[in-house]
Every structure is written in structure tokens, then in C-alpha cells.
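*Asks:* I have a structure I would like to understand better, so I am pasting it below and will then ask my questions one at a time.
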Amino acid sequence: MCGIIGYIGGQPALEVALAGLRRLEYRGYDSAGVAVVVDGGLRTLRRAGKLANLEKALAESETSPQGTVGIGHTRWATHGGPTDGNAHPHTDCTGAIAVIHNGIIENFASLRAGLERDGHELVSETDTEVVAHLLEDELATVNASDGPAAAAGGAGAAGPGEEAAAAGASRLTEAFRRVCRRLEGAFTLVVVHRDHPDVVVGARRNSPLVVGVGAGEAFLASDVAAFIAHTRSAVEIGQDQIVEARRDGVTITDFAGNQVEGRPYHVGWDASAAEKGGHPYFMLKEISEQPAALADTLRGRLSGDAEIVLDEERLSAQDFRDVDKVFIVACGTAYHAGLIAKYAIEHWTRLPCEVEMASEFRYRDPVLDRSTLVIAISQSGETLDTLMAVKHAREQKARVLAICNTNGSTIPRESDAVLYTRCGPEVGVASTKTFLGQVAACLLVGLYLAQVRGVLYGDEVARYVEKLQAMPALVGETLATIEPMRALARTLADARAVLFLGRHVGYPVALEGALKLKELAYMHAEGFPAGELKHGPIALVEQGLPVVIVAPSPRGRSHLHSKIVSNIQEVRARGARTIVIAEEGDTVVEPYAEHLIRVPATPTLFAPLVTTLPLQVFACELALARGLDVDQPRNLAKSVTVE
Ligand code: AGP
């Protein structure tokens, strides 16, 4: 939810932090702030609202803080409204410590009460501020004892030179460790101290933190996008670990102080991938990138002899053969991808497949065992609801396969196996290209399961594979002819509501269309199975109401097609303005569609890869026509790291 960057090196920390925050702003944009260590002092500036407000305040201030150690934060508010006072960084009573935080400290109320009893003055409504004050106390305790200095090589507390500095840094890290052990909940924390200008310290529990390592510099951030312009060498930080970053490297320990190895990795994309590339909005760029994103998801997964290869899985073929039930857990758009997967997995494998919102999964005590395969779908790999569902599934001995877009994120690490969607960075808050990647990855898993379990013949798998390989081109074709949908959306900017109807795999597509419109255009939008309409929702239909209908192919499933034609007539008869998404050659729907949007013909189960596109464009264009920011819709954040 919040975006975090910490820097230590030779460059101006303020500039590095602001540039990083620009790339992290998709994570939250309620307020922003920075703190820079400057000549034995700490300069902090915080502003409510988007990062631009902070930049304006910095431009107007007489001197901008110069220093090569600093932190920056962009906030999605949880505890306390989006005000200057609640913006991060937060400081302790002495003003020596500055802390930034992503997550929720669940025991903050009792910690705050204790601190106030001890005479601390807390000035914000946030949970984060307790960390600065706890660290103030713990550091005083550590400084008063010799233990940590001895651990750092026996250096004295106050001696001059590098040894003393190292001892001081070690003391700060030890005090921070003690604080982390007292915290409950989810947190990424990054801390700087005015008297320790040679170190930035970070910690994580159930919340993202990656380290970037450059020449003579190090970065701590929520996402590699924050430092990709400086280095593509990253290190994963594990659960309940602390990282001490210095100019000459990083040291990672667990919360008990034991040294641990971080997993280094190379970021496979560069800074240009995280730029708008000439588009006015990231969302428009990401919509246009879908043919390539889909091709990247599929690349290397379909071997020459049409066998499906899941090259990053750590489960054996036998494990997949042993599966007797599949659960899919995910949130939002990823959940819709899971709903589509259910149709494919059940049809191809004959295994029962349930799809569940991750936020509900563990609370209803699902029946799981060693033979259950849980597929966790997440673009960010950090969604806390999904992460908790993964942990619950593994506790119950189920096997977990993650479908994820973000290398080095938490959900893949906590799973038994992972299939990366490789769509590249997605910055727009609304998921677009990664939805296509998720659907494609799910189809691959479905085909793989069918293949290893021997439910589909080799030639059947080969036929599906051939069709799947043709999908990126069909996605490109759909986007090339999508202008009529754009034009139509612009005429509907004043509509009060929009309904979306679908059947079979068109139903999750309808849900996705409605979600996109809600989050981008702030309009009432609902998705329904078309057959369910008569059981209540049809009462919503009134004269002129736009109703988008995702029509199934008339080929092969004509019984379904004729049903939806009836449903279109039902809403038309009640005055609805019908917008029908139908495949090329479907002439039957023509008389009933006030607006007809064509998509290429595809196999039934692959249709969402093209039918979703007009709905993304519809929501985006309608929101733009209403004058809204489609990259940063109100109240939202790209990565939801709180429950
Ligand atoms: C949809 O446009 C949103 N971005 C949201 O519903 C998202 O899909 C959901 O929060 C899950 O995120 P994840 O894929 O990163 O887990």
C-alpha cells in the first residue's frame, strides 16, 4: 500500500528518494514525505496529498536538504487521515530518528499507551509513530549496555573513527531488532538516525522490502522500480529479517540477530519499462502492451513437441498427479482470472475446482489436505489477504502454486512452486496486462494438469497449444480495431450506472468490466451472470441504462448463445441501451445490439483474452471523459498489503 525508499551512497539522497517515490506513487498517494541526514541533523518534510505537493513545498523552501543518506515515503492511509501530521516519516521525541512504514502495527494502541505513560509525546494518529519512540527507548537501553558493541567487534561506545561508527550502527540495528520483536502485524520499516550517517536500517514482516546494491550505494525499497534507474542487482529480504545497508554492502540478520543470506537476483527489465513511453497514462501504455505481455507469459512454456513446461515449479509431476481437488485464491482482478481458470481446469482435468476470495478463505476453515492444490494468483505477490490464504493452505499441508508477476515477492517465496507471468512492471492501479498474463498462466496450469494426469490426449493438448500461441496476435488485432469502443465510452460519461452481463467464461469477464468501471470512473457498475438477471437485478434496468453483454461464441455452444440472445432481448424490452461484445461472424446478435463491438473468434475457453479488452478500454476512456486520473484512482493502491 505505501511506497518506501531508503538510500545510502554518494548521490544526493533527496533526489534519489524523490525519483524513487515517483515510481512508487502507484502504491499510495494520500501523502508523501522525506527525511535526509544532514551534518549531524535530520531534515524532514511531509505533505498531505500527492507527491507533487511535497515537491512544490521543497521547491518553495529556501534550502533543500543536502545529504547522501535519506528515506522517502508515499502513503495510503490506514491509521489517521491523509494530513501533513500523519504523513511519514515519523520522528521520536528527540528528533534524532526518522521512520517510514508500510503495513499495520496491530498492537500499536497498547504500545502507544505504554510510551505515553513513560512520558513520550506522540503527535500523530498513526500506528507508525510508536516505532520511532520505541526505538528511542531501546537505543538508550542498548547504549547503556556493552553487549552490542562487543558483538560488533569489541569497539567502545564513543571512540572516534570507523570502529566507533560501526559500533554505533550495530547498536542502532540491535535496538531496531528489539523493537521489531515487540511489534505485531505486518510491516516494512526503514529507519535513519541523525547520529548514524553510515547506515540505513530496514525490516520486514508480511510486507515487501527489496534491497538494491550499486557501486558504493544501497537502496531499500518496496519495489525494484524505485531503484531500477540506478542498479538492476537486487537482494530478497526474507520474512522477519533486518537489513543494515551501508555504502560498502548490506548485512542481513533475523529478528534474533543471527546472520542470514539474502537471495541475490538480477532484475530482468530496465527503467524504460517503468516509464510511460509516450502515453499520457500508464494504463493506456499497459493496455497497449498486452500482446507482448501475453506472448511473454507463454514464452518457453510450450515445448517444441507441444508439451507444457512449467519451468519454475518445484512440485513434481507426481505431485500434480496426486491432486484430487483444486482451490484458487486471489483478490479483485486476480480473482476474476481464477474464476475463468475454474471453467478450464474442471473441463480439462475433471478435477473439482473452487475459486475463493482470499480474504474469506482461511476464516471459513476450508477442507484441505496433502492432495489439495491451492493456486494463489497475485500480480504484486504482496497482497496480504492472498499471502495469509497461502500460509493457511500450507499449514493444512496443501500444496501451493503461485501465479505471480513480481519476482522476489513474498507470495512466491511462501509457496511450493511459482509460475511467473512475466508481464513486466504494471504501474497503473487498474490491472490490465497482468490480468491477461494471469488467465494465460492459469490455462497453462490447466493444460499441464490434464497432460500429466493423462486426461487429455497428446494431440488434444497440441491443438490447444497451437491456439494459445495464436492468442497474442488476436489480442493485437482486437486492440487495433477498438476505436468504436473508445468513441462510445466518451458518449456515456454522464451515465448513472452500467450493468455487465455474461455467461460461462463471459461471466467473470462481466465482473471484471464492472470492477474496472467502478475503480476508474467511480460509477455504479455491476456484473451478473445473464441468466441470474431475472432473479432480481433486472429491476435495475430502466430507460437508457447502458448494459454491456459479453456474448459467447455461437459456434459449438449454441445453446449458450441462444440463451444470451434472449437475455439481450429481455433488457432491451425494458429500455436498456445494449452494447454487445460478440465475435466476428456472429450475425444473430446484430438486430438486438444497439452498439456492436467485434472481437476475433477464439476457442471458447480463450475468449476472455479478447473479450476483456473492450471493457478495459471502455472503463479507461469513460473515466478520462469524466476528467479522472486513471493511474491513481481515489482511495486505492496498487498493492494491498493490509488485511
Ligand atoms: C484491479 O484493477 C486491482 N488492481 C485489484 O483488484 C487487484 O487485482 C487486487 O488488489 C489483487 O492484487 P494482486 O494481483 O497484486 O494480488
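*Asks:* Under a point-charge model restricted to the Cβ atoms of Lys and Arg (+1) and Asp and Glu (-1), what is the dipole moment magnitude of region 480-630 relative to its Cα centre, in debye to the nearest 20? Can you show the working numbers first?
*Replies:* On the way: 15 positive and 15 negative charges, 45 e Å.
It works out to roughly 220 debye.
*Asks:* Shifting gears a bit: For Gln318 and His559, what is the calculated FRET efficiency with R₀ set at 41 Å and r taken between the beta-carbons, to the nearest 0.05? Can you show the working numbers first?
*Replies:* Values: r = 39 Å, r/R0 = 0.94.
Approximately 0.60, to the nearest 0.05.
*Asks:* Give me the 1.4 Å probe accessible area per residue for region 480-630, excluding ligands and nucleic acids, in Å². List each step's numbers first, then the result.
*Replies:* Numbers: 5480 Å² over 151 residues.
Accessible surface, normalised per residue, equals 36 Å².
*Asks:* Suppose we keep just the DSSP beta bridges with both residues in the chain; what percent of those would be antiparallel, to 5?
*Replies:* Working: 65 of 105 bridges.
Around 60 percent antiparallel, to the nearest 5.
*Asks:* If you average 1/r over all unlike Cα pairs in the chain and invert the result, what Kirkwood radius do you get in angstrom? Please report the intermediate quantities before stating the final value.
*Replies:* Numbers: mean 1/r = 0.0386 Å⁻¹.
After inverting the mean inverse Cα-Cα distance, the result is 25.9 Å.
*Asks:* What percentage of the solvent-accessible surface of the chain, computed with a 1.4 Å probe over protein heavy atoms, is contributed by carbon and sulfur atoms? Walk me through the numbers before you get to the answer.
*Replies:* On the way: 11260 of 23200 Å².
Carbon and sulfur: 49 percent of the exposed surface of the chain.
*Asks:* Rank-order 58-66, 568-576, 248-256 by packing density, defined as the average count of other C-beta atoms within 10 Å over each peptide's residues, highest first. Spell out each step's value before the answer.
*Replies:* On the way: 58-66: 11.3, 568-576: 17.1, 248-256: 15.2.
The most tightly packed comes first, giving 568-576, 248-256, 58-66.
*Asks:* Treating cross-link reach as a plain straight distance, find the lysines whose alpha-carbon is under 29 Å from the alpha-carbon of Lys285, omitting any fewer than eight places away in the same chain.
*Replies:* Output for Lys285: Lys50, Lys56, Lys276, Lys433, Lys467, Lys516, Lys518, Lys638.
*Asks:* For the chain, with the dipole built from +1 on Lys and Arg beta-carbon atoms and -1 on Asp and Glu ones, taken about the Cα centre, which of Gly338, Val199, Gly277 lies farthest toward the positive end?
*Replies:* So the residue furthest toward the plus end is Gly338.
*Asks:* Expressed as an acute angle from 0 to 90° and rounded to the nearest 10, what is the orientation of the C-alpha long axis of helix 458-469 relative to the principal long axis of the chain?
*Replies:* It is inclined by approximately 70 degrees.
*Asks:* Express the relative contact order of the chain as a whole percentage, based on alpha carbon pairs under 8 Å and six or more residues apart in sequence.
*Replies:* Numbers: 1483 pairs, mean separation 75.7, N = 643.
The normalised contact order for the chain reaches 12 percent.
*Asks:* Further question: Could you sort the peptides 487-493, 401-407 by per-residue average Cβ neighbour count (10 Å cutoff), highest mean leading? Don't skip to the end; give the middle numbers.
*Replies:* Numbers: 487-493: 17.0, 401-407: 28.0.
Most protected by this proxy first, the peptides run 401-407, 487-493.
*Asks:* Could you tell me which residue out of Gln259, Pro208, Thr383 lies farthest along the dipole of the chain toward its positive end? Charges go on the beta carbon: Lys and Arg +1, Asp and Glu -1, centred on the Cα centre.
*Replies:* Thr383
*Asks:* Using modelled backbone amide H atoms (1.01 Å from N, in-plane), which distant-in-sequence or interchain residues come within less than 5 Å of Ile549's amide H?
*Replies:* Leu501, Ile579, Val580, Ile581
*Asks:* Can you tell me the accessible area per residue over region 317-423, all protein chains present, probe 1.4 angstrom, in square angstrom?
*Replies:* On the way: 3550 Å² over 107 residues.
About 33 Å² of surface per residue is accessible.
*Asks:* Which value, in debye to the nearest 20, gives the size of the charge dipole of the chain about its Cα centre, when Lys and Arg are +1 and Asp and Glu are -1 at the Cβ? Show your work: numbers first, answer last.
*Replies:* Values: 62 positive and 80 negative charges, 329 e Å.
Dipole size: approximately 1580 debye.
*Asks:* Roughly what % antiparallel, to the nearest 5, for the DSSP beta bridges in region 276-469? Walk me through the numbers before you get to the answer.
*Replies:* On the way: 1 of 21 bridges.
Antiparallel: roughly 5 percent of the beta bridges in region 276-469.
The values are calculated or read from the model by the stated rules, or taken from the named source; none is laboratory data. Because the structure is predicted, anything quoted here is derived from the model rather than measured. Please note: Cβ atoms are built from the backbone with ideal geometry, for glycine as well, and neighbour counts cover all protein chains shown. Note: areas computed on protein heavy atoms with side chains; ligands, DNA, RNA excluded. Shrake-Rupley method; radii C 1.70, N 1.55, O 1.52, S 1.80 Å.
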